[in-house]
Every structure is written in structure tokens, then in C-alpha cells.
Amino acid sequence: MQRTGEVTAVRGEMLEITFCRPADCEKCKACHGGEKVTRLNIRGKANVGDLAVVEMSTGTVFKASTLAYGLPLAGLLLGLVAGTILFPANADVAGVGCGVAGLGLMILIVRLTEGKRRNDPRWKPRLIEIIPKVQEA
């Protein structure tokens with residue numbers, strides 16, 4: 001998956017690239033608190049105003065989405081089912097309690113393993129191309 005954004009700041013070897021949200025996302029606003037831009041810091045050489053093409057493999061994007069959304073959802077659902085089966089006398093309360101516990105456990109697992117993924121280059125977007133800003137005459 002490739003996205004093109006504008007270099008909005010340069011700090012040494014680090015570039016801040018700002019991306020506008022795709023038109024498909026305008027109605028959802030679920031991510032980034034409804035912001036219309038996303039910022040990414042990535043290593044590279046460019047000038048403020050240049051365009052930067054950044055790539056992350058579709059497989060990595062899918063894995064990240066599964067970890068962030070699928071795993072907690074699975075924990076919630078498994079907890080609901082386990083609570084109702086293990087405590088049939090109070091199935092409603094136990095289901096909700098175990099569901100919340102399952103959700104919390106999966107979120108904790110994702111957070112505890114985040115450091116490993118953060119340092120792994122396979123989980124990082126990479127800079128593909130810098131398109132210099134066109135100088136106006």
C-alpha cells in the first residue's frame with residue numbers, strides 16, 4: 001500500500017510527513033479522533049514542501065489491523081461465551097464480566113508485544129520516493 005504525503009518538517013535525518021485522509025474515510029472518522037490528517041515520522045532526506053511516497057506492504061497493514069482490532073474483539077467474544085458456559089446461574093453478568101476481562105487481556109498482550117514490533121523493520125513504513133517541490137517563478 002502506497003500513500004503520498006507532504007514533508008511538513010525536517011529534524012536532522014527525520015522527516016515529518018503529513019497525509020490527508022482518503023475520501024473514503026470522510027464519513028467514518030473512527031481513527032485519529034476525526035482528524036483529516038495523519039502524520040508520520042520516517043528517516044530520509046528531503047525539504048519541507050516536497051512530496052514523499054511511503055509504502056507499507058498490504059500484508060503488514062492487514063496484520064496490524066488484525067492485532068489492533070481482531071484480537072481484542074476475539075478476546076471479548078471468547079470471554080462472553082466462556083462466562084456464560086462456566087457460570088450458567090449468572091450467565092448475563094458472568095458473560096459480560098468475562099468478556100471485559102478477555103478484551104482487557106488481549107489489549108494487554110498487544111501492548112506488551114508492541115515494543116518488539118516497533119523495533120522490527122518489517123513493521124515500519126519505508127520511504128520509496130521524494131518528489132521535489134516545484135519552484136514557482
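Quick notes on this one:
- Residue ID - least open to solvent (accessible area, probe 1.4 Å), chosen from residues in region 118-137 that are in a helix (DSSP H, G or I) and in contact (Cβ under 8 Å) with a residue 12 or more places away in the chain: Trp123
- Remark: pairs (first residue in region 55-69, open to solvent by less than 60 Å² (accessible area, probe 1.4 Å); second residue assigned to a helix (DSSP H, G or I) and modelled with pLDDT of 90 or more; Cβ separation under 8 Å; 6+ apart in sequence or on different chains) = Leu67/Val110; Ala68/Val110.
- All positions within region 57-89 that are over 16 Å from Lys124 (Cβ atoms) and not in a helix (DSSP H, G or I): Phe87
- If you go through region 81-110 and keep only what is within 11 Å of Leu71 (Cβ to Cβ) and either of a type outside the set (Val, Ile, Thr) or in contact (Cβ under 8 Å) with a residue 60 or more places away in the chain (or both), you end up with Gly102, Leu103, Leu105, Met106, Leu108.
The values are calculated or read from the model by the stated rules, or taken from the named source; none is laboratory data. From a predicted model like this one, the values you see are computed outputs, not experimental measurements. Cβ atoms come from the backbone with ideal geometry, glycine included; neighbour counts cover every protein chain shown. With ligands, DNA and RNA removed, areas are computed over all heavy atoms of the protein, side chains included. Shrake-Rupley method; radii C 1.70, N 1.55, O 1.52, S 1.80 Å.
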